[in-house]
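Let me begin by presenting the structure, written as structure tokens, before commenting on it.
The values are calculated or read from the model by the stated rules, or taken from the named source; none is laboratory data. Only a predicted model underlies this, so the values are computations on that prediction, with no experimental measurement involved. Ideal geometry is used to build each Cβ from the backbone, glycine not excepted, and the neighbour counts take in all protein chains shown.
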Amino acid sequence: MRIITSVKKLTNAVKASGPGRGGMTLMAHPQPVLVAPAELAKLIDHTLLKPEAGEAELRRWAEEARAHGFCSVCVNPVNVAFVAGLLAGSGVATCAVVGFPLGASASAIKAAEAAQAVRDGAGEIDMVINIGALRDGRLDVVRDDIAAVRAACAGQVLKVIIETCLLTDAQKRAACRLAVEAGADFVKTSTGFSSGGATEADIALMRAAVGPGIGVKASGGVRTLAQAQAMIAAGANRIGASSGVALVSGAAQPAASGY
């Protein structure tokens, strides 16, 4: 195993193409990658999306993100302003979900939601695509939906959730292509609220589909250090998880649904 001990080495290893658009070149048979905890932390979106989350729990998530140097704290739009205030000056971004978790809002609503999140302090947006339109083959609708959110959060990082568990492999590839065409910075596997989460096979497929130019985020069911390392080896360069502290400490989290 290779132990990656610096941000520079990690960046070289995944062949990142720039801030917010990091990529990774997928080899035919990726070797296991052991990422040092401090470097793994920089790839984690510390995620708290359950509807019952209140200020005490949000505050704890922000404190953990500051302490461990996570990339962002990912929350529902209603909590963005509060969390952004807690993270001010920390270097940890606030990430907001949009059209979440179904992706079934009108494009104008998604765009407005993204714009409001940016005004509230979000530096990153994770949007859910129009899944039904993709499955129907109405690809222009999907592309335009992503483009509307892209325009609403210009200058911020945009991640596009394709909900892999509901798609065929061909549909996954199409979704990735549409996200690239619409200007996304990342493609993301899952909401964590449907029937399945991230798999190594899907990460590899998505990385192959988008190439090295943009990022791939694994989310949903990543609860152990070994799982996170496997996702990185398969091509991910961002991990969405509610168990960020367990990931960087090597502790196991009990099996549960969602993140």
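Brief remarks follow.
- Screening Arg150 on (1) touching a Gly at 6+ places or on another chain (Cβ under 6 Å); (2) in a loop (DSSP other than H, G, I, E, B) shows it passes everything except condition (2).
- Within the range 70-113, being touching a strand residue (DSSP E or B) at 6+ places or on another chain (Cβ under 8 Å), polar (S, T, N, Q) and either closer than 16 Å to Ile44 by Cα or surrounded by fewer than 17 Cβ atoms within 10 Å (Cβ to Cβ) (or both) holds for Ser72, Thr94.
- Checking each residue in the range 215-259 for being at positive phi and at pLDDT below 95 picks out Gly221, Gly250, Gly258.
- Scan of the range 179-190 for residues that are touching a strand residue (DSSP E or B) at 6+ places or on another chain (Cβ under 6 Å) and in a loop (DSSP other than H, G, I, E, B), ordered by number: Ala184, Asp185, Thr189, Ser190
- Test for Ala93: is it within 18 Å of Arg150 (Cβ to Cβ), without any contact (Cβ under 8 Å) to a residue 60 or more places away in the chain and not β-branched (Val, Ile, Thr): no
- Residue that is farthest from Ala174 (Cα to Cα) [pool: residues in the range 128-145 that are of a type outside the set (A, V, I, L, M) and not in a helix (DSSP H, G or I)]: Asn130
- Residues satisfying the stated conditions in the range 116-160, i.e. touching a strand residue (DSSP E or B) at 6+ places or on another chain (Cβ under 9 Å) and over 22 Å from His46 (Cα atoms): Asp145, Ile146, Val149, Arg150, Ala152
- Every residue from the range 147-184 that is of a type in the set (Asp, Glu) and touching a Pro at 6+ places or on another chain (Cβ under 9 Å): Glu163
- Summed over the range 153-178, residues that are of a type in the set (A, V, I, L, M, F, W, C) and assigned to a helix (DSSP H, G or I) total 7.
- Taken residue by residue, the range 241-248 has at least one member that is in contact (Cβ under 8 Å) with a residue 40 or more places away in the chain, in contact with a strand residue (DSSP E or B) (Cβ under 8 Å, 6 or more places away or on another chain) and among the polar types (S, T, N, Q).
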